[in-house]
Amino acid sequence: MKVCIIGAGVIGLSTAQSIYQHFHSRVTPLTIEVYADVFTPLTTSDGAAGLWQPYLYDKGNVQETKWNKETFDYLLSFLSSPDSVKMGIFLQSGYILCTETVPDPSYKDAVLGFRQLTKRELDMFPGYSYGWFNTTLMIEGKTYLPWLMDWLKQRNVKFHQRKIGSFKELADTGADVVINCSGVRSGDLQLDPELKPARGQIIKVDAPWIKHWITTNNFSSSGNSTYIIPGSRLVSVGGVFQVGNWNLQNSFVDHKRIWEDACKLEPSLQHAQIVGDWTGLRPARSKVRLERETIRSGSHAFEVIHNYGHGGFGLTIHRGCAEEAARLLGQILEQKSLLALSKSSL
Amino acid sequence: MQRVKVVVVGAGVVGLSTAVRIAEALPYCSVTVIAEKFSPNTTSDGAAGILLPTEFPDIPLDRQQRWFKETFDHLLAIAYSPQAADAGVYLSSGFHIFKDVPCEKKPFWADLVFGFRNMSDKEMKLFPNHKFGQAFTTLKCECLSYLPWLEKRFRAVGGQILQEKVTDLHKLALNYDAIINCSGVGSHFLVKNEEVYPVRGQMLMVNAPWLKNFVRDADGKTYIYPGIRYVNIGGTRQVDDWRMEVDKEDSEGILERCSRLEPSLRVAQVMGEWVGLRPGRANPRVEREYLHVQGRQVPLVHNYGHGGCGITLSWGTALDALNLLRQSLFDKPPQARL
């Protein structure tokens, strides 16, 4: 059984991991290969700040809320392990600010110590009248991805640096199942009008006295909400959310606006040293596409599992989705009667 | 008109805070700070600087609350200004954990910090050896930055600095109209009949920039305080111990206890070690007496004995010291020195 994964961001790598964990002892031989044109540190996941925080509301996508929570609990279980630093996982508290009173977010029970902000706390943030405090996890892509790659390499997962032109291309090389984790560029492989880039730009700053993240929700502006997220070394300051914008160049206009808004929110930033800007394209979609598809090519048919469209919450949701993708693979394997009833000897 | 000559003994956080408050509030005073040690060599410089009071037995609670609130509000305004980085002041959230459930579940300062609440079950799971905990957001004030910031502010209103070890307050009174004694543990030698004793504290500076929240065991002997350039981990509370040298066994004990609370510390590099002597006393001494010198009555305002709460109470006790000075200058205007 040969499984080929397209994409080496957090979704591609974690899906490879889940598949290995569930099936390496039940399917022999099981070959897992990852194909991507970019690897860490050049993927979208690498530039993301790494804050575990879903969007405020899931709009009825309860599956996503479940996958988010599953990811949180999974990461939390590694916090006391000797690997936590190598994985890029740590706790951080912070403030979610809103310009008006709104219902509690979908993830309030997943995080630690979720509570409303007191008036005294809100006084620190002029312009925001409501909000919450909680302690959540950070999961830094530029540390987590190398850790995942090491984990996979140790288990003989092979990596190929190359841009894939079509699912069929991999099927023709012998892939039984193709897993599409190609993020924002999935449209190049299969047209999907629901998938659009949501361009984000962040400014990386040296401001080590800032120990809390701040995310804001301005219900009157058009989705360009300021955020300040300290990482293990630098602080990520953002943000913009420009749907339909494919431009990977840093924009001076965006930089100026982001910086001004952030300094208003956190005056201590004014004396911080700016290190650089980074631009990434969130793979935005009305909901995550996580489903099977059978593709026929002549008399031949092969299976594709799609796992893309995670918007600005890829790191937040990755494990839940990877496990679901593995479950879908399990279905395929059962249908092909490929699953051993008991664990085969290694 | 000749200005009233005030001298502040001690250039730690209490001395400089007091000097700044006096110099800014009383323009008819010329204020000099005289001290043997200055930043970065004061006790304050090594302290982590987390604002966290302890309750003193003999001082009315409302006065202790006032001391803390005054300091908290002052530092909060700095944390929320462009000066925060310069002054080394910022918000810090974390956990105060107890091995056994305490009788006093809500300390007198609970409403003065932000978001004080008991820790949830899920949060307590992070600390399997502890049964109870409190979570809140307070401030952290790093004296390595804050003391130079205070000194700049002091000089900006004409304050003078003298580097000299004071051994005799009566001799000092010959040249000044008022003395403010902020000599910390040095008061043990400087003031007669003294109840100040050292409470030795050792701590380590480690490189662990992924740690953002503080953790403090309520017994006061194990704490993790993430700072700007390193994390302070500690500690010890050795009464009547004057040793300023680093004790290797203490370091090992600190690393072991803190790593149990925060396993990721096991991979953190130790950058340095430091020892400081907290000015221990049953209660901080903030009161005024008079020295009789050559027919003059020189007010001597004491502001020392803050234990491990120097930074925590600095701005508030400085205000009391200022008011004591102001009152005494009004009650007994200084006479001409010979």
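The values are calculated or read from the model by the stated rules, or taken from the named source; none is laboratory data. This structure is a prediction, so every number in the text was calculated from the model and none was measured. Positions of Cβ are generated from backbone atoms using ideal geometry, with glycine treated the same way; all protein chains shown enter the neighbour counts. The accessibility values were calculated without ligands, DNA or RNA, using every heavy atom of the protein model including side chains. Shrake-Rupley method; radii C 1.70, N 1.55, O 1.52, S 1.80 Å.
The table below lists the values:
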{"item": "Options B:L91, B:L126, B:L144; residue that is over 24 Å from the mean Cα position of the chain (by Cα), open to solvent by 10 Å² or more (accessible area, probe 1.4 Å) and not basic (K, R)", "result": "B:L126"}
{"item": "Qualifying residue in region A:92-109 (condition: at the interface with another protein chain (Cβ under 8 Å from one of its Cβ atoms), open to solvent by less than 10 Å² (accessible area, probe 1.4 Å) and at negative phi)", "result": "yes"}
{"item": "Residue in region B:291-305 that is crowded, with 18+ Cβ neighbours inside 10 Å, under 22 Å from the mean Cα position of the chain (by Cα), assigned to a strand (DSSP E or B) and of a type in the set (F, W, Y) present", "result": "yes"}
{"item": "Unmet requirement for A:P41, which otherwise passes all of (1) more than 18 Å from the chain's Cα centre (by Cα); (2) away from every other protein chain (no Cβ under 14 Å)", "result": "(1)"}
{"item": "Filtered residues of region A:258-277 (kept if open to solvent by 80 Å² or more (accessible area, probe 1.4 Å) and away from chain B (no Cβ under 14 Å))", "result": "A:V275"}
{"item": "Qualifying position, being of a type in the set (K, R), within 14 Å of chain A (Cβ to nearest Cβ) and touching a residue at least 12 places away in the same chain (Cβ under 8 Å), among B:K131, B:K221, B:K212", "result": "B:K212"}
{"item": "Failed criterion for B:S120 (all others in (1) within 14 Å of chain A (Cβ to nearest Cβ); (2) of a type in the set (S, T, N, Q); (3) buried (at least 20 other Cβ atoms within 10 Å of the Cβ); (4) in contact with a Leu (Cβ under 8 Å, 6 or more places away or on another chain) hold)", "result": "(3)"}
{"item": "Checklist (1) buried (at least 18 other Cβ atoms within 10 Å of the Cβ); (2) within 18 Å of A:Q201 (Cβ to Cβ); (3) away from chain B (no Cβ under 14 Å) applied to A:V304, failing item", "result": "(2)"}
{"item": "Pick from region A:110-127, criterion at pLDDT 95 or above, open to solvent by 50 Å² or more (accessible area, probe 1.4 Å) and part of a loop (DSSP other than H, G, I, E, B), ranking: farthest from B:F136 (Cα to Cα)", "result": "A:D123"}
{"item": "So A:S337, is it at positive phi, of a type outside the set (F, W, Y) and surrounded by fewer than 22 Cβ atoms within 10 Å (Cβ to Cβ)", "result": "yes"}
{"item": "Residue within region B:150-160 that is closer than 30 Å to B:F38 by Cα, in a strand (DSSP E or B) and open to solvent by less than 70 Å² (accessible area, probe 1.4 Å) present", "result": "no"}
{"item": "Some residue of region B:45-61 being open to solvent by 30 Å² or more (accessible area, probe 1.4 Å), part of a helix (DSSP H, G or I) and either more than 14 Å from every other protein chain (Cβ to nearest Cβ) or closer than 19 Å to A:A207 by Cβ (or both)", "result": "yes"}
{"item": "Candidates B:V4, B:V20, filtered to the one that is farther than 22 Å from B:S187 by Cβ, open to solvent by less than 60 Å² (accessible area, probe 1.4 Å) and in contact (Cβ under 8 Å) with a residue 24 or more places away in the chain", "result": "B:V4"}
{"item": "Residue tally, condition open to solvent by less than 40 Å² (accessible area, probe 1.4 Å), among the aliphatic types (A, V, I, L, M) and under 19 Å from the mean Cα position of the chain (by Cα), over region B:241-281", "result": "2"}
{"item": "Among the candidates A:G231, A:G174, A:G239, A:G200, residue that is at pLDDT below 95 and open to solvent by less than 20 Å² (accessible area, probe 1.4 Å)", "result": "A:G239"}
{"item": "Pairs with Cβ under 9 Å, 6+ apart, first in region B:83-100 and closer than 16 Å to B:E262 by Cα and without any contact (Cβ under 8 Å) to a residue 40 or more places away in the chain, second acidic (D, E) and surrounded by fewer than 23 Cβ atoms within 10 Å (Cβ to Cβ)", "result": "none"}
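To keep it simple, each residue is scored yes or no on (1) touching a Leu at 6+ places or on another chain (Cβ under 9 Å); (2) farther than 25 Å from B:S145 by Cβ.
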{"site": "B:V185", "(1), (2)": "yes, no"}
{"site": "B:H188", "(1), (2)": "no, yes"}
{"site": "B:G220", "(1), (2)": "no, no"}
{"site": "B:I224", "(1), (2)": "yes, no"}
{"site": "B:N232", "(1), (2)": "yes, no"}
{"site": "B:E256", "(1), (2)": "no, yes"}
{"site": "B:S259", "(1), (2)": "yes, yes"}
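The rows are residues; the columns are (1) of a type in the set (S, T, N, Q); (2) farther than 30 Å from A:D176 by Cβ; (3) open to solvent by 20 Å² or more (accessible area, probe 1.4 Å).
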| position | (1), (2), (3) |
| --- | --- |
| A:H22 | no, no, yes |
| A:V27 | no, no, no |
| A:A36 | no, no, no |
| A:P41 | no, yes, yes |
| A:A48 | no, yes, yes |
| A:P54 | no, yes, no |
| A:D58 | no, yes, yes |
| A:K66 | no, no, yes |
